[in-house]
Amino acid sequence: MALRQQLCHLCSRSLSSYAKISQREVVRVAGSQSTQLLQGLFTNDVNKVTKESSIFTHLLNVKGRVLYDNIVYSMDKDSFLIEVDKDLLGSLLKLLKMYNIRSKASISLEDIDIFASFNPETPVNDNGTTDGGFVDPRLSLLGHRYLGNPPKDSVEVPEDEYNRFRVGLGVSEGARDIAHGKDFPFEHNLDFLNGVSFSKGCYIGQELTARTHHVGETRKRVVPVRLSGSVPQDQLPAKLNAGKRAAGKLLSVYGDIGLAVIRFQYLDMELEVVGSDVVAIGSKPAWWPQDHR
């Protein structure tokens, strides 16, 4: 409980802040068959995307492991803008073009800046904002996403301040947090973050994802952690041990706050960050569904 209160305090600011998210790029997919193309790839239902609301989704491989985490927007009919990690941009473009062989969709890289506005003390309007922002589809506590122009009447802060805020909430993002082609979607709380539809129909990796959901076999998930000291980024990811037993993996660190995937039985316990003298304690975020807290 103490960790949750500390993390909540971390999130509190009296003024709205925004940061440019330099690690994200934007890909446009447009054309009469763009919806059909994306619907067969993404875990979420593309039909839910409107000019006012975006969706969060993963794109998986055939083994049900995460390739990309994406936020999808639509500015015009049959035209979608897809956020992707900068380091994975080339491989996403290649994959989209491979599946687009028989579809009438155009695929292009767009020069659009992405901004995140965050202030947990200000209620989030689920219908968006008056200045063009989108409520973050993963979690309203994350604030708003802006494409092209930053929000008005807000204070710009370094990107790492936003990342520290995001990690403090226990939300992973991009290649630093999600091992490309190795991690499973529910380990990164895809189901808790509004990122999967269980009624939309087939998509790549659906079989294992649906089976995991119905059987309930997820035994570890990403959570925020409090650290006794800082761990250099070049030492990440780092193993977390409970005595001689493997407990999880530390993914990202921003000062004394981190993000880790931890087995449930080791939550709220002091864990050794292997290769350092730092101790980590992970706890379930307060925003998780009631039956998982």
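The values are calculated or read from the model by the stated rules, or taken from the named source; none is laboratory data. Because the structure is a prediction, the values reported are computed rather than measured. Cβ coordinates were reconstructed from backbone atoms using ideal geometry, including for glycine residues, and neighbour counts include every protein chain displayed. Each accessible area value is taken on the protein alone, full model and side chains, heavy atoms only, with ligands, DNA and RNA left out. Shrake-Rupley method; radii C 1.70, N 1.55, O 1.52, S 1.80 Å.
Report, by residue number, each residue of segment 222-249 that is in a loop (DSSP other than H, G, I, E, B) and open to solvent by less than 50 Å² (accessible area, probe 1.4 Å).
Of everything in segment 222-249, those that are in a loop (DSSP other than H, G, I, E, B) and open to solvent by less than 50 Å² (accessible area, probe 1.4 Å) turn out to be GLY229, VAL231, LEU236.
Tell me, yes or no, whether segment 183-190 has at least one residue that is touching a residue at least 24 places away in the same chain (Cβ under 8 Å), in contact with a strand residue (DSSP E or B) (Cβ under 8 Å, 6 or more places away or on another chain) and farther than 18 Å from PHE56 by Cβ.
No, segment 183-190 contains no residue that is touching a residue at least 24 places away in the same chain (Cβ under 8 Å), in contact with a strand residue (DSSP E or B) (Cβ under 8 Å, 6 or more places away or on another chain) and farther than 18 Å from PHE56 by Cβ.
Could you please let me know if TYR254 is under 22 Å from the mean Cα position of the chain (by Cα), open to solvent by less than 60 Å² (accessible area, probe 1.4 Å) and touching a residue at least 24 places away in the same chain (Cβ under 8 Å)?
Yes.
Taking interchain pairs and intrachain pairs at least six residues apart, which have beta carbon atoms under 6 angstrom, with the first residue in segment 25-43 and open to solvent by 10 Å² or more (accessible area, probe 1.4 Å) and the second in a strand (DSSP E or B)?
As it stands, the answer is GLU25/VAL84; ARG28/LEU81; ARG28/SER108; ARG28/GLU110; ALA30/SER79; ALA30/SER106; GLY31/SER106, since those pairs meet every condition given.
Answer yes or no as to whether ALA260 is over 28 Å from ILE55 (Cβ atoms), among the small types (Gly, Ala, Ser) and at pLDDT 95 or above.
Considered against the rule, which asks whether it is over 28 Å from ILE55 (Cβ atoms), among the small types (Gly, Ala, Ser) and at pLDDT 95 or above, ALA260 comes out as no.
Across segment 84-105, which residue is nearest to ARG164 (Cα to Cα) among those that are of a type in the set (Ser, Thr, Tyr) and assigned to a helix (DSSP H, G or I)?
SER91
Kindly indicate which of LEU169, LEU142 is free of Cβ contacts under 8 Å to residues at least 60 places away in the same chain and within 22 Å of TYR68 (Cβ to Cβ).
Among LEU169, LEU142, only LEU142 is free of Cβ contacts under 8 Å to residues at least 60 places away in the same chain and within 22 Å of TYR68 (Cβ to Cβ).
Among the residues of segment 278-293, what is the count of those that are part of a strand (DSSP E or B) and under 24 Å from the mean Cα position of the chain (by Cα)?
Count: 3.
Mind checking which residues of segment 86-110 are under 22 Å from SER53 (Cβ atoms) and either in contact with a helix residue (DSSP H, G or I) (Cβ under 9 Å, 6 or more places away or on another chain) or surrounded by 15 or more Cβ atoms within 10 Å (Cβ to Cβ) (or both)?
ALA105 - this is the single residue of segment 86-110 that is under 22 Å from SER53 (Cβ atoms) and either in contact with a helix residue (DSSP H, G or I) (Cβ under 9 Å, 6 or more places away or on another chain) or surrounded by 15 or more Cβ atoms within 10 Å (Cβ to Cβ) (or both).
So if I check each of PHE56, PHE80, which one is open to solvent by less than 20 Å² (accessible area, probe 1.4 Å), closer than 24 Å to VAL171 by Cβ and either at pLDDT below 95 or touching a Pro at 6+ places or on another chain (Cβ under 9 Å) (or both)?
Among PHE56, PHE80, only PHE56 is open to solvent by less than 20 Å² (accessible area, probe 1.4 Å), closer than 24 Å to VAL171 by Cβ and either at pLDDT below 95 or touching a Pro at 6+ places or on another chain (Cβ under 9 Å) (or both).
Being open to solvent by 80 Å² or more (accessible area, probe 1.4 Å), within 26 Å of PHE198 (Cβ to Cβ) and modelled with pLDDT of 95 or more: is that true of ARG219 here?
Against the criterion (open to solvent by 80 Å² or more (accessible area, probe 1.4 Å), within 26 Å of PHE198 (Cβ to Cβ) and modelled with pLDDT of 95 or more), ARG219 does not qualify.
Return a yes/no flag: does segment 133-155 have any residue that is basic (Lys, Arg), open to solvent by 10 Å² or more (accessible area, probe 1.4 Å) and on the phi < 0 side of the Ramachandran plot.
yes
List the pairs whose first member sits in segment 79-95 and is in contact (Cβ under 8 Å) with a residue 12 or more places away in the chain and acidic (Asp, Glu), whose second member is open to solvent by 20 Å² or more (accessible area, probe 1.4 Å) and assigned to a helix (DSSP H, G or I), and whose Cβ atoms are under 9 Å apart, counting only residues at least 6 apart or on separate chains?
ASP85/ALA175; ASP85/ARG176; ASP87/ALA175; ASP87/ARG176
From the list SER117, SER172, SER74, SER108, pick out the single residue that is farther than 25 Å from SER34 by Cα and part of a strand (DSSP E or B).
SER117
Out of GLY195, GLY275, GLY258, which single residue is assigned to a strand (DSSP E or B) and not hydrophobic (A, V, I, L, M, F, W, C)?
Answer to the check: GLY258.
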